[in-house]
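Colleague: Before anything else, here's the structure in question.
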Amino acid sequence: MASKTRRAEPVDEGIPNRKRTLDELHSKLSKALDFDGWGQPVEAVEHYGRVVEKVEFECDSNRYVLFDDEKRVLKDLQQAIKLRCRTLQDAGGDELMSLSALRDASSVLDDIATGKPVTKLSIEVPEFKAASPAFSSVALSDEGDELQSPTERFKLGGSLLPCPVVQSGLTVLTVHISKIGLKDASLYNDPIITISVKDSAGSDVTDAQNTPTASSQEELYVHFNTDVYIQRPVEALPKSGAIFFEFKHYKAIKRKHSTRCFAFLEMDELKPGPACLELYQKPTNYKRRKLNLFTVKPLFLHLDLKLQKT
């Protein structure tokens, strides 16, 4: 009698085990869908991020809680969630993924939990290219070694702040981050840039901001094409301070973003028009002492500065 071919059973690791994992995924996604349905996009994006993080962990880990075909389908669900988050963050843009379609796709969790064979989602998910920002709700790391507090978590649309309201006659600085040159630019996962303003002692002058993930990546450049509003008028920035730009990328094994290199813009360099900043090796030195170039190649952080009197 011919033996039947079957998948190898995933290893039962106790806690977290298969049932606990699926229950947790179902609970997290249900909360996110509820917030989405209630018209609360900020809360929805936050909870969708927790689902994405959980899927990333389960699919990339070596715990073998899920079957390989289940992991592949869950990765498709993860991409659908990312597209929904992008839709929520860009209210005036195209609807990349509707709420009703995502609800239909989420039924795959019930199928997996009840033991039904799964090979694909019930909906078609557009290809998720680098041009569509990925989502990671894990905490960022300044130097790639330690996590920051939960309140400093990076979200899909970044944590960019709106244009500040300043007194009449003062100057608002808008920094357009165009691209950063890196010899291995296409290899970075979910790259972002953290922007912060520091005084000469390295202390915060304003809250740090995170860009969305890169809009595209090619051989030598990671493109952002993002505007950042500095939250203090130019006249109120410390003369000896600087604006820092830290390029970070996501490391799945460590489940966090880590700094790859950084650049800074000093106050006497605040002039309208394009600017090219040199890149320096980590760790980020906010006091700007004993700096080491990241590369000897002609690769820079490309910005465009706009100074507008109110």
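The values are calculated or read from the model by the stated rules, or taken from the named source; none is laboratory data. Remember, predicted model here, so these are calculated numbers, not experimental data. Note that we place each Cβ from the backbone using ideal geometry, even for glycine, and neighbour counts take in every protein chain shown. In case anyone asks, the SASA skips ligands and DNA or RNA and just uses the protein heavy atoms, side chains included. Shrake-Rupley method; radii C 1.70, N 1.55, O 1.52, S 1.80 Å.
Colleague: With the checklist (1) among the acidic types (D, E); (2) open to solvent by 70 Å² or more (accessible area, probe 1.4 Å); (3) more than 18 Å from the chain's Cα centre (by Cα) in hand, flag the one item D90 doesn't pass.
Modeller: (3)
Colleague: I'm trying to understand the selection: among the residues of the stretch 228-252, which are without any contact (Cβ under 8 Å) to a residue 60 or more places away in the chain and open to solvent by 50 Å² or more (accessible area, probe 1.4 Å)?
Modeller: K239, S240
Colleague: For the stretch 34-57, enumerate the residues that are open to solvent by 10 Å² or more (accessible area, probe 1.4 Å), without any contact (Cβ under 8 Å) to a residue 40 or more places away in the chain and among the hydrophobic types (A, V, I, L, M, F, W, C).
Modeller: Result: F35, W38, V42.
Colleague: Got a sec? Which of L279, L301, L291, L265 is open to solvent by less than 40 Å² (accessible area, probe 1.4 Å) and either hydroxyl-bearing (S, T, Y) or more than 18 Å from Q209 (Cβ to Cβ) (or both)?
Modeller: Working: L301 fails: either hydroxyl-bearing (S, T, Y) or more than 18 Å from Q209 (Cβ to Cβ) (or both); L291 fails: open to solvent by less than 40 Å² (accessible area, probe 1.4 Å); L265 fails: either hydroxyl-bearing (S, T, Y) or more than 18 Å from Q209 (Cβ to Cβ) (or both).
Step by step, each of L279, L301, L291, L265 is checked, and only L279 is open to solvent by less than 40 Å² (accessible area, probe 1.4 Å) and either hydroxyl-bearing (S, T, Y) or more than 18 Å from Q209 (Cβ to Cβ) (or both).
Colleague: Identify the single condition in (1) part of a loop (DSSP other than H, G, I, E, B); (2) within 22 Å of the chain's Cα centre (by Cα); (3) at pLDDT 50 or above that K82 does not satisfy, given that it satisfies every other one.
Modeller: Condition not satisfied by K82: (1).
Colleague: Right, another one. Residue under question is D76, and the condition is that it be open to solvent by 30 Å² or more (accessible area, probe 1.4 Å) and within 18 Å of P41 (Cα to Cα); does it hold?
Modeller: no
Colleague: Another one. Just give me the residues in the stretch 225-267 being aromatic (F, W, Y) and closer than 30 Å to E58 by Cβ, in sequence order.
Modeller: F247, Y250
Colleague: Pull out all pairs, ordered by first then second residue, where Cβ-Cβ is under 6 Å, the residues are six or more apart or on different chains, the first lies in the stretch 22-33 and is more than 9 Å from V51 (Cβ to Cβ) and open to solvent by 60 Å² or more (accessible area, probe 1.4 Å), and the second is in a helix (DSSP H, G or I) and of a type in the set (A, V, I, L, M, F, W, C).
Modeller: H26/L109
Colleague: Do we find that R103 is under 27 Å from H26 (Cβ atoms), basic (K, R), modelled with pLDDT under 85 and open to solvent by 50 Å² or more (accessible area, probe 1.4 Å) in this structure?
Modeller: On the way: under 27 Å from H26 (Cβ atoms): yes; basic (K, R): yes; modelled with pLDDT under 85: no; open to solvent by 50 Å² or more (accessible area, probe 1.4 Å): yes.
So R103 fails the test.
Colleague: Further, regarding this structure: Only one of L182, L140, L173, L156 is modelled with pLDDT of 85 or more and in contact with a Ser or Thr (Cβ under 9 Å, 6 or more places away or on another chain); which?
Modeller: L182
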